[in-house]
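The values are calculated or read from the model by the stated rules, or taken from the named source; none is laboratory data. Note that the structure is a prediction, hence the values are computed from the model and not measured. Cβ placement follows ideal geometry from the backbone for every residue including glycine, while neighbour counts extend to all protein chains displayed.
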Amino acid sequence: MNPAPPSQREAAGMVFTTNLCGGTCDHCGTAISNVFRFEGSDGTRFKVGSVCVDKAAKVLGSAARADRAIEKAKSEARNAAKAGRHAREAAKIEEAEAWITDHRDELASCPHPRGFEGQSLIDSINWMWGNAGVSGKLRTYKAARIALAA
């Protein structure tokens with residue numbers, strides 16, 4: 001099966017080689033026998049030899065390494081921000097636990113927020129503290145403070 005002519009391959013954006021003895025590299029002007037045709041992001045078409053292709057591969061490899069280094073730095077910054085957020089949340093949870101312990105009797109005299117018969121606000125808080133995540137615990141703490149202030 002014959003390969004598609006170069007014009008069709010170029011139209012498909014494919015890089016290919018062909019033997020064009022006597023041609024010159026559009027980048028450095030050196031005589032080349034193996035031609036590598038490329039199309040730039042701006043639509044410019046050009047041909048280069050194997051030496052310039054190797055140089056381009058090294059530059060692109062360096063760019064890829066730089067991109068990976070940038071992504072690694074961003075990831076480390078996100079992880080540091082997450083660690084700081086978790087530390088602040090842990091401090092808030094600790095403060096909430098201390099407040100709830102100090103006001104346990106008052107919370108036991110308040111009705112359950114959902115109206116469950118025979119249960120009090122402290123039962124709701126205990127359930128949330130055992131089953132909820134950080135935001136649920138902090139919402140419960142806020143609701144408890146509001147319930148005692150009313």
Open item on the list: Being outside any helix (DSSP H, G or I) and touching a helix residue (DSSP H, G or I) at 6+ places or on another chain (Cβ under 9 Å) is the filter here; which residues of the range 126-150 pass it?
Closed with: ALA132
Open item on the list: Could you check the range 79-115 and list, in sequence order, the residues that are part of a loop (DSSP other than H, G, I, E, B) and loosely packed, with under 12 Cβ neighbours inside 10 Å?
Closed with: SER109, ARG114, GLY115
- [ ] Could you check CYS21 against (1) assigned to a strand (DSSP E or B); (2) modelled with pLDDT of 80 or more and say which number it fails?
- [x] (2)
TODO: Residue by residue through the range 25-57, note down the ones that are in a loop (DSSP other than H, G, I, E, B) and modelled with pLDDT under 75.
DONE: GLY40, SER41
Open item on the list: So ALA66 passes all but one of these: (1) under 27 Å from the mean Cα position of the chain (by Cα); (2) farther than 30 Å from CYS25 by Cβ. Which condition number does it fail?
Closed with: (2)
